[in-house]
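Visitor: Sending over a structure as structure tokens; questions will come in a sec.
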Protein chains: 2
Amino acid sequence: SRGTAPRSAPSPTRAAPHRAATPPRAAVGRSGTRSCDPCAVAAPPSGGLPMPRFPFRRPDGLESTAPQPRPAEPQTAPVGTADRPTRDDLLSRVSEYAPTIRPTMTVAEAVAALRHHPGDAAYGEVYVTSEPSAGAAPVLLGAVSYRALAMSDQHRLIAGVMRPDVVTVGEDVDPEEAARLFRRHRLAALPVTRDGELRGVLTAADVTDILQQEATEDAALQGGTQPLDVPYLKASPLLLWRRRVVWMLLLFAAEMYTGTVLKAFEDELETVIALAFFVPLLIGTGGNAGTQITTTLIRAMATNEVRLRDVFKVVRKETATGLLIGLTIAAAALVRAFTQGVGGEVALTVAVAAGAIVVWSSVVASVLPLLLRRLRIDPAVVSGPMITTLVDGTGLIIYFEIARVFVTAIG
Amino acid sequence: SRGTAPRSAPSPTRAAPHRAATPPRAAVGRSGTRSCDPCAVAAPPSGGLPMPRFPFRRPDGLESTAPQPRPAEPQTAPVGTADRPTRDDLLSRVSEYAPTIRPTMTVAEAVAALRHHPGDAAYGEVYVTSEPSAGAAPVLLGAVSYRALAMSDQHRLIAGVMRPDVVTVGEDVDPEEAARLFRRHRLAALPVTRDGELRGVLTAADVTDILQQEATEDAALQGGTQPLDVPYLKASPLLLWRRRVVWMLLLFAAEMYTGTVLKAFEDELETVIALAFFVPLLIGTGGNAGTQITTTLIRAMATNEVRLRDVFKVVRKETATGLLIGLTIAAAALVRAFTQGVGGEVALTVAVAAGAIVVWSSVVASVLPLLLRRLRIDPAVVSGPMITTLVDGTGLIIYFEIARVFVTAIG
């Protein structure tokens, strides 16, 4: 789920290699990349810091070649919370073990330092930072792939081997944007910075997790239910009831106005009872037209394909599409009404109403998700149920007003 | 979208290091990992092979340190197709540039060979394969991280440095399963094998793409529309019409039976017109209860949380939840019917019908996705619109049958 909180613009930036030092701050930051002299490689976080949620398993072969000191680490991912991250987990996933080296080291010195602190080979590269001065966190200067370390002359300086143009993201990174950067630059890891300081490292696997979780949450919201936060099979009926009943009651309350609408047209209904036969068909069709649009739009907004500024483009496109679908459905409705044997007037009413309801539903469904985003409400809440509820009663008004025009018995 | 084609079980396997040679086959396989003597590193595919969709940009710093021969490669990802992969793209994404080395090389020889063929440092590691004999593709024996290459003694044999227990997947890998492996093992790349032979390498970024695409397709299906395959803003109204109109007409045709149901209860409706007031509310509530369940279930099935064998567990859980929600909604309906001023008999009918419809809808919605999966139809087609359409008419029957019991005027 996104958008309930204000969503800042994605902030991919390039590390500014020689930027001015930032104001003093605590030596151990949130990401725990603390300098560990004399080897100048970041140490595991001290006891007071939150531990990373994920085990840092090293996929390389070093363990077997030479036993080395390394922090105790679980070998398998814990079931439960780790499998189902919440959105806030993005930064808790940022690695706290990111090993860093200094530009003044030689390749041989860097390799020796990294051997001492195993780090996480899954990143594919090591980050080069400034020497942290008293009270200031290290500034990201560049990156060196393990590959480059393997292939460079042992006596070269890291400053000459490192790649200064590292793709980084801010701490407020949008997972979708991070995924895009991973793809575009074929990254194995993405450093997270604040004011040029290295705060941690995000892996593609972490981003994949978060995207999966967001898609699941969006699906829940669009189904008119609160996200579960636990694996489905572990959820008790009581928990499912709690997650669903609020939306059910809200939608029930919202749908109650359809009764009022029908009561207002009681005379019309009593005069021509045949009008009642088409009520479920017409409101169902209106809801379907709207649901088609909101699901497509919400997903396009989730993947940043459609943004707020596209609102007019979207409404124009959906209105045109609504007219096309409305004409098609009107034709189908005309055929259906005749085969139902309700007479020409009611048949005409049903056909015209079907087309009009589809167009009306299209306009509502195309405006609503963008309007909610504007109001900083998660557009994923424009569930199928919600759009159906919204257009049910208004569709009935359209239907009976058209009936008043075409059915002489009512007139 | 998944499930329309039979979905084979995910097949993560461990490479069997010294397995018997497979029957002879073409030297250049689909993945193009062809031996390129004398350096024994896979060459870029020859002209006749499909080129990879993605540019292989090297994020390491080698280019600047020493100019090396490398295949011509675009520097930015092409817009369009590459951004919107179809499901079949999984294997077309498998890298064709996977550099491989032999276990009989020393670390220094391996580094020299890899320097000659830059490969893709984003993988973080290099794969060790057997010497391809005439007509047989190379068998995967293990992997060495660039990190291990950087830190190992130059004279050691690769056989002693490599990690033999490589996590691999078969060519029929399910993207969800691949994502799970990336996460569990903190991989940067996942070799794809067939019968032990290395067919290519999948990156986490590739898997992320595919999962994103599948979530978008599932969202479309659950909204009752065909997936777009083009970016939303690029889709013309005519294309949108084509993608949506089939479902709209199918749902319209399916919903037509509600008219027949209402006609069958014409006498009841004419006797107690107040019954008509609650038709939209009741069928709306039934549809909502069903949509809540199908969206949750379909997503749980997409992420392999719920499988076919869980059908009884799911139905039991949803029936229990349906009873809880049904009771809640029945209470709300009773209140609503009284405030609508329709008399005790109709109010009782509405309350009992609301509860019964919720339970009925819960059972249908919990069985249907699993039934469709069993029939090898993508369960994502059980859209909100579809479940609404299914339970609308049956809900009406429940409503009027209950009315016959409670409303004496009808009796």
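Visitor: To make sure I understand, if each residue's beta carbon is the centre and we count other beta carbons within 10 Å, what order do B:Ile410, B:Ile398 fall in, fewest to most?
Guide: B:Ile410, B:Ile398
Visitor: Output needed: percent of Cα pairs per 10 Å distance bin for the stretch A:158-276, bins running from 0 to the one holding the longest distance.
Guide: Pair shares across the bins are 11, 23, 18, 18, 13, 9, 6, 2, 1.
Visitor: What is the mean number of Cβ atoms from other protein chains located within 10 Å of the Cβ atom of each residue in peptide A:240-249, rounded to a whole number?
Guide: Mean partner-chain Cβ count within 10 Å for A:240-249: 6.
Visitor: Please give me the summed charge of the neighbours of A:Ile410: other residues whose Cβ is under 11 Å from its Cβ, Lys and Arg +1, Asp and Glu -1.
Guide: Neighbour charge sum, excluding A:Ile410 itself: -4.
Visitor: Further question on the same structure: Once phi is turned into ³J(HN,Hα) by the Karplus curve 6.51 cos²θ - 1.76 cosθ + 1.60 with θ = phi - 60°, what whole-Hz value does each residue of the stretch B:232-247 show in order, with x for glycine and proline?
Guide: Those phi angles translate into 3, 5, 8, 6, 6, x, 5, 5, 4, 4, 4, 5, 9, 5, 4, 5 Hz.
Visitor: Between A:Ala143 and residues 5 or more places away or on another chain, which pairs have amide H atoms under 5 Å apart, with H built 1.01 Å from N, and which residues are they?
Guide: The list, which skips near neighbours in sequence, is A:Val128, A:Arg163.
Visitor: OK, next. Evaluate the distance, in nm, between pseudo-label points positioned 7 Å from the Cα of B:Thr339 and of A:Asp153 along their respective Cα→Cβ axes.
Guide: 8.4 nm
Visitor: Further, regarding this structure: What lysines could a cross-link reach from B:Lys263, if we take a straight Cα to Cα line under 24 Å and drop same-chain neighbours fewer than 8 places away?
Guide: Correct list for B:Lys263: A:Lys263.
Visitor: While we're here: Could the peptides A:330-340, B:335-345, B:284-294 be put in order, highest first, of the mean number of other beta-carbon atoms found within 10 Å of their residues?
Guide: The densest-packed peptide leads the list: B:284-294, A:330-340, B:335-345.
Visitor: Using r as the Cβ-Cβ distance of A:Val405 and A:Asp165, and R0 as 60 Å, what FRET efficiency do you calculate, to the nearest 0.05?
Guide: So the FRET efficiency works out to roughly 0.35.
Visitor: Under 17 Å from a point 7 Å along the Cα-to-Cβ line of B:Ala253: which residues of the stretch A:268-298 have their amide N that close?
Guide: Output list for this probe position: A:285.
Visitor: What distance in nm lies between label points placed 7 Å from Cα along the C-beta direction at B:Ile377 and A:Asp195?
Guide: Label-label distance for B:Ile377 and A:Asp195, simple model: 6.0 nm.
Visitor: Residue by residue through A:223-231, how many Cβ atoms from other chains fall within 10 Å of the Cβ on average?
Guide: Counting Cβ atoms of other protein chains within 10 Å of each residue's Cβ and averaging gives 4.
Visitor: Report the residues of the stretch B:320-342 in range of a label on A:Leu238: point 7 Å along Cα→C-beta, backbone N strictly under 19 Å from it.
Guide: It comes to B:320-329, nothing else.
Visitor: For A:Thr328, B:Thr319, A:Thr321, B:Thr193, which order do you get if you count the other beta carbons within 10 Å of each Cβ and list the fewest first?
Guide: Least crowded to most crowded, the residues run B:Thr319, A:Thr328, B:Thr193, A:Thr321.
Visitor: Now a separate question. If you take each beta carbon of peptide B:330-338 and count the beta carbons of other chains within 10 angstrom, what is the mean?
Guide: 2
Readers should treat all values here as calculations from the given coordinates under stated rules, not as data from a laboratory. Because the structure is predicted, anything quoted here is derived from the model rather than measured. All Cβ positions, glycine included, derive from the backbone under ideal geometry; neighbour counts span all protein chains shown.
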